[in-house]
Ligand SMILES: [Zn+2]
């Protein structure tokens, strides 16, 4: 960790990141078989979840709409693990085992991207939010709207992002 991660803030409440300009981040798994690019703010609001699988993997992820993610190579190297509700698609590289991105249960229309798999040169700061995945349903009910906005693809239209806008769920 000689270069060190960008500054990390702990326990910052859910922040609005939707108005921030997007930058192009590049990322990969450890062995570089899987490579991708993702459009997201330079300040990444990442979720630290304590559900059974996130805890065991020390998983951090930020959520983007699928349209802002592009797999550049390695689709054939990805394998998928599912459990319990079978909704999340826990994708990982079958060579090195690293989960650089996946499809989370909370946002099936988006991707959860591991900020540790990105080239750090495009990251200004990582802001960590906690998600109580040990009580997933209750936590999701409380944060449903904030989470839904993260994978809502507003880039294809000119309408402004509104906090009063409900996604038909
Ligand atoms: Zn790999």
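Three semi-axes describe the equivalent ellipsoid of region 75-136; taken as square roots of 5 times the Cα gyration tensor eigenvalues and ordered largest first, they are 21, 19, 10 Å. Every pair of different Cα atoms in region 7-150 enters the Kirkwood calculation, which places the hydrodynamic radius at 15.3 Å.
You can think of it this way: the chain between residue 143 and residue 85 has 19.0 nm of extra reach, that is 0.36 nm per residue less the Cα-Cα gap. Exposure proxy shown here: for 46, 34, the number of other Cβ atoms within 10 Å sets the order, fewest to most, as 46, 34. Between residue 124 and residue 71, full extension at 0.36 nm per residue minus the direct alpha carbon distance yields a gain of 16.8 nm.
Since every read-out is calculated from the coordinates, none of them should be taken as a lab result. In this text, all values refer to a predicted model and were calculated from it rather than measured experimentally. Methodologically, a virtual Cβ is constructed for each residue, glycine included, from the backbone with ideal geometry; neighbour enumeration extends over all protein chains shown.
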